[in-house]
């Protein structure tokens, strides 16, 4: 008979959806994620302007290093690809 696979998939989907509606632990207002978002407020120390400037400089320096590594890698790959196509 044609369509048995699709009918079976439909029945399985309906069963799974009805089982989902019976699960109450995910629908509570005090679920784990909402609990953490509402009740935990981490306390951070205040940073001075010098500390913030040091952090900013280290991030900028790290980003420059990453940029140049990617640039060199991409240039080498591009050069090798071009040489391959020129040679063959």
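Just so you know, all these numbers are worked out from the coordinates, no wet-lab data involved. Keep in mind that what you see is a predicted model, and the values were worked out from it rather than measured. Here the Cβ is made from the backbone with ideal geometry for all residues, glycine too, and neighbour counts use every protein chain on show.
Some values worked out for this structure:
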| quantity | calculated |
| --- | --- |
| Cα gyration tensor shape of the stretch 48-88, rounded if a/c is under 1.5, else prolate or oblate by comparing a/b with b/c | prolate |
| Förster-model FRET efficiency, 41 Å R0, residue 53 and residue 18, C-beta, rounded to 0.05 | 0.10 |
| Computed E for residue 71/residue 45 - FRET, C-beta separation, R0 41 angstrom, nearest 0.05 | 0.65 |
